[in-house]
Amino acid sequence: MWMTRIAFVSIVSTARVGHFYSGKPDQFSSGISKAPGNISVKFHNAAGDIEWTPAALHVGSKLRMDKTIFGDDFSYLASVVPAGITAKQTIPSPNMVHYRGGPASIDPTVYPDIEEFWADLAAAYADEVQRLAALGCTYLQFDDTSLAYLNDPAQRADIAARGEDADHLH
């Protein structure tokens, strides 16, 4: 019975993936928009190589929350989860905003100090978490798929080439 409950919640949650992953990062917080072009990410497994091109991001104004971006997703999930089951919501980690483009994706006239960017990004995420909690979300997972990239020498070289420290970025 417990496996059925876990599978049900997982399927429903996966079917209602949030706006950030569906190519609408500009809806996550004010200040983030899609940038021209895409980044190419390559994965390798036993079946061969896979190339994925997520949207590039641009931070062009101060970050803040304008609405609860994952509110509709969580409300839907909570409405279909049977009584006694805790609904789990996942959202991309704050680092996902930075990792895809690095410092070049952040307008230096908006954030001349990278620490101010991180502070505003953390505040926007704290706001989203509080809003989700107000909707009844008690199980929230931050997904940071960029952590896996740090095992890839080519990704680490790309981070170094853009002037960042791959050993301490995360």
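The values are calculated or read from the model by the stated rules, or taken from the named source; none is laboratory data. Model, not experiment: these values are computed from the prediction. Reconstructed Cβ throughout: ideal geometry from the backbone, glycine too, with neighbour counts over all protein chains shown. Note: accessible area is taken over every heavy atom of the protein model, side chains too, but ligands, DNA and RNA are not part of it. Shrake-Rupley method; radii C 1.70, N 1.55, O 1.52, S 1.80 Å.
Details
- At least 2 residues being modelled with pLDDT under 90 and more than 30 Å from residue 72 (Cβ to Cβ) is the threshold, and among the helices (runs of 4 or more DSSP H) wholly inside region 112-170 those reaching it are 153-161.
Matching residues to (1) over 18 Å from residue 32 (Cβ atoms); (2) open to solvent by less than 30 Å² (accessible area, probe 1.4 Å); (3) in contact with a helix residue (DSSP H, G or I) (Cβ under 7 Å, 6 or more places away or on another chain):
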{"residue": "83", "(1), (2), (3)": "yes, no, no"}
{"residue": "93", "(1), (2), (3)": "no, yes, no"}
{"residue": "104", "(1), (2), (3)": "no, no, no"}
{"residue": "111", "(1), (2), (3)": "no, yes, yes"}
{"residue": "127", "(1), (2), (3)": "no, no, no"}
{"residue": "139", "(1), (2), (3)": "yes, no, no"}
{"residue": "160", "(1), (2), (3)": "yes, no, no"}
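- Scanning region 60-79 for residues that are more than 17 Å from residue 140 (Cα to Cα), out of contact with any Leu (no Cβ under 9 Å at 6 or more places or on another chain) and either open to solvent by less than 50 Å² (accessible area, probe 1.4 Å) or part of a strand (DSSP E or B) (or both) yields 60, 61, 62, 64, 65.
- Conditions (1) over 14 Å from the mean Cα position of the chain (by Cα); (2) assigned to a strand (DSSP E or B): number failed by residue 90: (1)
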